[in-house]
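Read through the structure below, which is laid out as structure tokens, and then see the notes.
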Amino acid sequence: MSLKLGIVFNFLQLPDVSKYPFVINKRTDGTFVKKGLFVSTKSIEGYLIGIVEKIVLLNEYFSDALTIKAYNNENNPNILKGLFPSDDFEYAIAIVRNLGIIDFKESSESEIKAIKRMMYPASPGKKVYLVDDEILKSFIGLNQKQGLNLGKVKVSNIDAYINMDRLLNKHFAILSISGGGKSYLTSIIIEELLTREKTSGTPAIVMIDVHGEYKYLNSVTKIKNKVKVIDTSYFQISVPKLNAYAFKKYQEQISNVQIRELSKYIKKLRKREDLKNKFTLDTIIELIEKEEEGGKSTKQALIGWLSELERLNLFGPQENPVMKNVLNQGEISIFNLQNEVSIRKKQIIVDYICNQLFYLRRKKEIPPFLLIIEEAHQFCPEAAHSKALSKYIIETIAREGRKFMACLCLISQRPKKLSTTALSQTNSKLILNIKNPYDLKHLMDSSEAITKDYAEMISSLGVGEMLLMGNAVNYPIFVDIRERKFKSPTEHTSLAQECINWKKVHSI
Ligand SMILES: Nc1ncnc2c1ncn2[C@@H]1O[C@H](COP(=O)(O)OP(=O)(O)OP(=O)(O)O)[C@@H](O)[C@H]1O
Ligand SMILES: [Mg+2]
């Protein structure tokens, strides 16, 4: 039997089709009707589900300004309370926003067949109930058995088991201000994926870890064997695999004449049997220098471009790591970019990883994967802010990845700087606190589900609270994010503590 919360009544111009008010029962058992609670009532159309949008406290004794003024003087501020039992006259009403009429399956009382739009208001006099947990799970679209447990649904307090397929398959974004808890939330999603039952099916995870925040995962005993950390200091792009046009991506100003020239040199090197298809930029440069024919200026320019690339220390005779062998189902491969300073170098690395993954996945040579990109605005910026050569492939995965089960998670502290194309393709959004009005506006522009009301709530979210909306759930929910199970050693270091440590080490 559901818990009874109150009775529908007439208040101002309500009930209408979209809203109704109810008088809240005086309760003593500790259940409070709060903003955000899911409630139901029986309308003539059937089971009407709604959410408490607003709570108003009323007291007839204090509704008349003149009376209050007359009785409330300096010497005896609460004379009214003494004269009348005014406390007893306080009552609370809740305003409910209707969400839909639920049609249940015939075989079950909690399984939902369909949700219809309501066409008629709730009836005054009808009872209002708390929505049963089972119905609510089904209404939100949670998946207790195989879902990812991210915490608890706010107010309703049921476990937020998010359906993995629905979260990953149409991509998702994690957004908040700096320090809002994005990386923390991401590590919880990773925990859930890594500890998922083998029989449930888990993709391979690839993490672009810009600040080395996730490498602690490979010192956690329980999951150690599923975590691979790849330091990008040893990252190498295979030169023999690149065709001349690929160089245009890395060196934009290279001219078409120069590319054609370069193409000839590469062909020559590929034919040379003594090299066994292992050559580097240096080998190409040497060949250009030795060649007699060809324009001198073109050759000089080419050597210039190639030498500049060589200095990045990224190009070698073969690929490292071999991308085809990096991924394993149910495991995570973390590319640690912590030691890279040059933003261009980071973009080239990310571009290469994304391109290879998408290419290999399309050929079905690697398992379905989830690619998580931290600081995504650095790798896929909106044109007005900056350029990045990794942008094209990230947008491509955002647009087409779904068909190949290549899932994308973009993390950013500046949604406004993130490519609109990519952001609008991330169907689910996990939003933590965002204060900047420009970022909020950009979010509203990129997703029609984010209304002004939600924008307001987003700006007042606390640490550990998030709004989850989009494909992952049928209805946007607020979640209290759970604590992480596997702790990072740096989690609790405060600024003061770090200063003390520094002094200890450096005063010896
Ligand atoms: N759900 C939570 N429960 C407890 N602590 C949290 C939670 N979320 C975040 N924190 C704490 O808040 C701090 C900042 O979190 P985090 O590093 O995840 O932020 P961020 O959004 O990734 O920041 P940045 O944009 O700078 O990368 C951390 O010290 C973390 O321990
Ligand atoms: Mg972070």
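Here are a few things to note about the model shown:
- Dipole orientation for the chain: of the candidates GLY147, PRO367, SER446, PRO367 has the Cα lying most toward the positive pole (charges on Cβ; Lys, Arg +1; Asp, Glu -1).
- Trypsin sites (Lys or Arg not before Pro) within region 105-201: DSSP coil, no more than 13 neighbouring Cβ in 10 Å: LYS105, ARG117, LYS145
- Summed residue charge, Cβ within 15 Å of ILE477's Cβ, Lys/Arg positive, Asp/Glu negative: +3
- Across every direction, the projection of the convex hull enclosing the Cα atoms of the chain has a mean area of 36.3 nm².
- Ascending count of other beta-carbon atoms within 10 Å, so fewest first, for MET118, MET164: MET118, MET164
- Here LYS435 and ARG270 are evaluated by their C-beta separation; at R0 = 60 Å the FRET efficiency comes out at 0.65.
- A Cβ-based charge dipole, computed about the Cα centre of region 284-343 with Lys and Arg at +1 and Asp and Glu at -1, lands at about 100 debye.
- Entry note, the chain: the mean residue ellipticity at 222 nm calculated from DSSP H runs of n ≥ 4, each adding -39500 (n - 2.57), is -9000 deg cm²/dmol after division by the residues and rounding to the nearest 500.
- Unit charges on C-beta of K, R, D, E only; dipole of the chain, Debye: 1400
- Cα lying deepest toward the dipole's positive end in the chain, options LEU432, GLN378, VAL17, charges on Cβ: GLN378
- For region 13-62 and region 415-483, distance of Cα centres in Å: 27
All of the numbers you see were taken from the coordinates with simple rules; none came from a lab. Everything numeric in this text was worked out from a predicted model, so none of it was measured. Counting neighbours? That spans all protein chains shown, and the Cβs are built from the backbone with ideal geometry, glycine included.
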